[in-house]
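Inspection log for the structure reproduced underneath, given as structure tokens.
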Amino acid sequence: MLQSSNLTFSYPNGTSFSFPDVFCEEKGHLLLLGESGQGKTTLLHLLAGMLRPSAGSVGINGTDIAQLDRKAMDTFRGQHIGIVFQTAHFVESLSVEDNLILPQYLAGKTIDRNKAQLIIGRLNLTQKLHEKTRNLSVGEQQRVAIARSLMNDPAIVLADEPTSALDDRNAEEVISLLEEQAALSGAGLIIVTHDQRLKDRFEKSVVL
Amino acid sequence: MNLLKIAWKNIASKPLNTSLSLILLAFGVGVISLLLILETRLKEQFDRNIKDIDMVLGAKGSPLQLILANVYHIDAPTGNISRKEAEKIIRNPLIEEGIPLAYGDNYKMFRIIGTTHQYPRHYEVELAKGKLFDTSYAVTIGSKVAQELGLQLGDTFNSAHGLQDETDVHTNKDFTVVGVFKESSSVIDQLILTEMSSIWGVHEHVGEETGKDPSDEITAVLLKKKSPLALVLLPNLLRETNMQIALPAIEINRLTQNFGIGMNTLQAIAILIMVLSFISVFISLYNSMRERKYELALMRSMGGTRTTLFALILSEGFLMTFVGLLLGLFLSRIGMMVLSSVMEDQFNYDVTNFGILPMEWLLIGITIFVGVLASLLPAISAVRLDISKILADG
């Protein structure tokens, strides 16, 4: 469960945003819609604890992350939040499998290679497990990125413009995957996008 | 999965950058360590052979040459001296012991030395088989001589005149091997020892030609002093003679100091190479840190703390330094093997010993320290990354 209230943020250059409250229930789905320049990514980073709000609070499963210090925030993020970025990035020198267990290692959890195999199997990429990530197609990379965001059984998955670079068919596929996989892992899902195609797919949305 | 593994994969995924740093580092460490080994082993070898010889009495000439010829047997002697004159010095109350050496011949490049039983006793050499020389033309040979020439007890050979030359063979007398020494890592290993009378006998004909009595001629005397006064008083006694006294410790110091100039130049070059290699480690880490800043931000977004990133970059620097260091030490051992075989051929000096010297531990410590230091700035920059900005710009 994620609940934000009265979030505001100012950049050092003076740009400031105040955001509507965001609420996503346990295992719920939510769309954050907004045109560019309205602070979509800023909001996502605030929800993920990568930016500290000027005022307001972000509660995830009962913890107000705005109150955590930097180290505790990093660890909390690793353990409870999965993030899918607009374009998939990986630690290039590591294989797909190692990139998948990296979140476990970084969050201080027990390394569980079976889980990596299980999730990658759900995404039909088992044969790519030992490849370097750069040898994968863009679509495959995005799927691995989704798998990675679920490795630590997060309370919530935050996805930043996951479909903006994709055509209709691929966009449809990625969103279905996100919904399906988040549901299988028991995670809530918040998608930040300006992509109007997604509007009708989600019951709940917040417009910035 | 652990940091070292990720660090290792990261540096291995940039083979070009990494190998430049490694080559420079290995080369710098290799040269310095080679110089250290060479200096130490040579000094050990020199010291082992000086072994309580305080002074060497011999013909006037270069004192260094006198020492090199008669203590180390790697140079030509300065000439002969009169045995009667030399004996006066040996009997001097300031002198505890004098070991006479008479040079003259070689057998297949190994020097034949006429001396007394004092000589092997002085170096505490033991017999492997047979006995010590006890009659004219009986020889006891060093372990290396026996090994290289395949000489057995009872074998006989003719000596050749001089120390290098094998053309002028004395056919008048046969030498017989009566004993073989155990290996002692001293000069005895490469010598053929016999009675003084053998040398005189072989050279009887020389006496006939020059009118000198060969039995009055020896090459040098190795002296042990009874009192330090000997060092002051003996040179005065010799002023009127054709003899001089040289001190091995002083001459060898002079020699290694001259050596030292060359060594220092090489050392300076090697240190320069190492400085370059540290700069290369620094640039390589800094560049790869900047190239990978998205990766690093990503690691933070997945729960990695700033400490994690700091430790990761430091580990990469440490690994690179460590591998370069190992390569360098390996390189210096190879170099030493090559040098050693050359030196064995030329001087019969064996300098192989692969242990790590105390000075090398210092080298290892300094290298790792500076290597980690060179990765400090890239590591600090990694800590300071604004992850939100980097991920947003992605």
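The values are calculated or read from the model by the stated rules, or taken from the named source; none is laboratory data. These numbers were taken from a predicted model, which means no experiment stands behind them. Cβ coordinates were reconstructed from backbone atoms using ideal geometry, including for glycine residues, and neighbour counts include every protein chain displayed.
If the condition is being more than 14 Å from every other protein chain (Cβ to nearest Cβ) and out of contact with any Lys or Arg (no Cβ under 9 Å at 6 or more places or on another chain), then segment A:26-53 contributes A:E26, A:K27, A:E35.
From the list A:M73, A:M50, which residue is outside any helix (DSSP H, G or I), hydrophobic (A, V, I, L, M, F, W, C) and under 18 Å from B:G304 (Cα atoms)? Walk me through how you get there before you give the answer.
Working: A:M73 fails: outside any helix (DSSP H, G or I).
On inspection, the qualifying residue turns out to be A:M50.
If you take the residues in segment A:37-62 that are among the hydroxyl-bearing types (S, T, Y) and more than 18 Å from the chain's Cα centre (by Cα), which one is farthest from A:G188 (Cα to Cα)? Walk me through how you get there before you give the answer.
Step one: of segment A:37-62, the residues among the hydroxyl-bearing types (S, T, Y) are A:41-42, A:54, A:57.
Going one step further and asking which of them are more than 18 Å from the chain's Cα centre (by Cα), we end up with A:54, A:57.
Numbers: A:S54: 25, A:S57: 19 Å.
Ranking the candidates gives A:S54 first.
Counting the residues of segment A:163-188 that are closer than 15 Å to A:A145 by Cβ, outside any helix (DSSP H, G or I) and in contact (Cβ under 8 Å) with a residue 40 or more places away in the chain gives 3. Which members of segment A:73-111 meet the condition of being more than 7 Å from every other protein chain (Cβ to nearest Cβ), among the aliphatic types (A, V, I, L, M) and over 18 Å from the mean Cα position of the chain (by Cα)? Result: A:V96, single match.
Across segment A:148-162, which residue is farthest from A:V138 (Cα to Cα) among those that are touching a strand residue (DSSP E or B) at 6+ places or on another chain (Cβ under 8 Å) and part of a loop (DSSP other than H, G, I, E, B)? The extreme case among them is A:A155. Going through segment A:22-32 one residue at a time, which ones are at pLDDT 90 or above and either over 16 Å from A:N61 (Cα atoms) or of a type in the set (K, R) (or both)? Across segment A:22-32, the qualifying residues are A:L30, A:L31, A:L32.
Table: residues versus (1) buried (at least 17 other Cβ atoms within 10 Å of the Cβ); (2) in a helix (DSSP H, G or I); (3) within 33 Å of the chain's Cα centre (by Cα).
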site	(1), (2), (3)
B:V281	yes, yes, yes
B:Y294	yes, yes, no
B:G304	yes, no, no
B:S315	yes, yes, no
B:G328	yes, yes, yes
B:S332	yes, yes, yes
B:L373	no, yes, no
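When A:S57 is tested against (1) within 11 Å of another protein chain (Cβ to nearest Cβ); (2) among the polar types (S, T, N, Q); (3) assigned to a strand (DSSP E or B), only condition (1) is not met. Looking at segment B:82-168, the strands (runs of 3 or more DSSP E) lying wholly inside it that each contain 3 or more residues that are under 21 Å from B:I53 (Cα atoms) sit at B:95-107, B:110-115.
Looking at the structure I just gave you, is A:L118 without any contact (Cβ under 8 Å) to a residue 60 or more places away in the chain, away from chain B (no Cβ under 13 Å) and either in a loop (DSSP other than H, G, I, E, B) or under 22 Å from A:G188 (Cα atoms) (or both)? Answer is yes for this residue. With the structure loaded, tell me whether A:S176 is small (G, A, S), at pLDDT 85 or above and loosely packed, with under 15 Cβ neighbours inside 10 Å or whether it fails that test. Against the criterion (small (G, A, S), at pLDDT 85 or above and loosely packed, with under 15 Cβ neighbours inside 10 Å), A:S176 qualifies.
Any chance you could count how many residues in segment B:227-265 are among the acidic types (D, E) and either within 18 Å of B:R91 (Cα to Cα) or modelled with pLDDT under 85 (or both)? I'd like the intermediate steps shown before the answer.
Kept after step one, since they are among the acidic types (D, E), are these residues of segment B:227-265: B:240, B:251.
If we keep only those that are either within 18 Å of B:R91 (Cα to Cα) or modelled with pLDDT under 85 (or both) as well, we get B:240.
So the answer is 1.
The set of residues in segment A:79-100 being under 20 Å from B:K389 (Cβ atoms) and either touching a residue at least 60 places away in the same chain (Cβ under 8 Å) or assigned to a helix (DSSP H, G or I) (or both) consists of A:I81, A:I83, A:V84, A:F85, A:Q86, A:T87. Checked against (1) in a helix (DSSP H, G or I); (2) in contact with a Ser or Thr (Cβ under 7 Å, 6 or more places away or on another chain), B:G58 passes all but a single condition, namely (1). Examine segment B:314-326 for a residue that is within 14 Å of another protein chain (Cβ to nearest Cβ), acidic (D, E) and touching a residue at least 12 places away in the same chain (Cβ under 8 Å), and state whether such a residue exists. Yes.
Can you say whether A:A66 is away from chain B (no Cβ under 11 Å) and not in a strand (DSSP E or B), as far as the supplied structure shows? Spell out the reasoning first.
Details: away from chain B (no Cβ under 11 Å): yes; not in a strand (DSSP E or B): yes.
So A:A66 passes the test.
Each row is one residue, and each column tells you yes or no for (1) over 22 Å from B:A102 (Cβ atoms); (2) surrounded by fewer than 19 Cβ atoms within 10 Å (Cβ to Cβ); (3) touching a residue at least 40 places away in the same chain (Cβ under 8 Å).
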| residue | (1), (2), (3) |
| --- | --- |
| B:P120 | no, no, yes |
| B:E126 | yes, yes, yes |
| B:S136 | no, yes, yes |
| B:Q152 | yes, yes, no |
| B:F157 | no, yes, yes |
| B:A160 | no, no, yes |
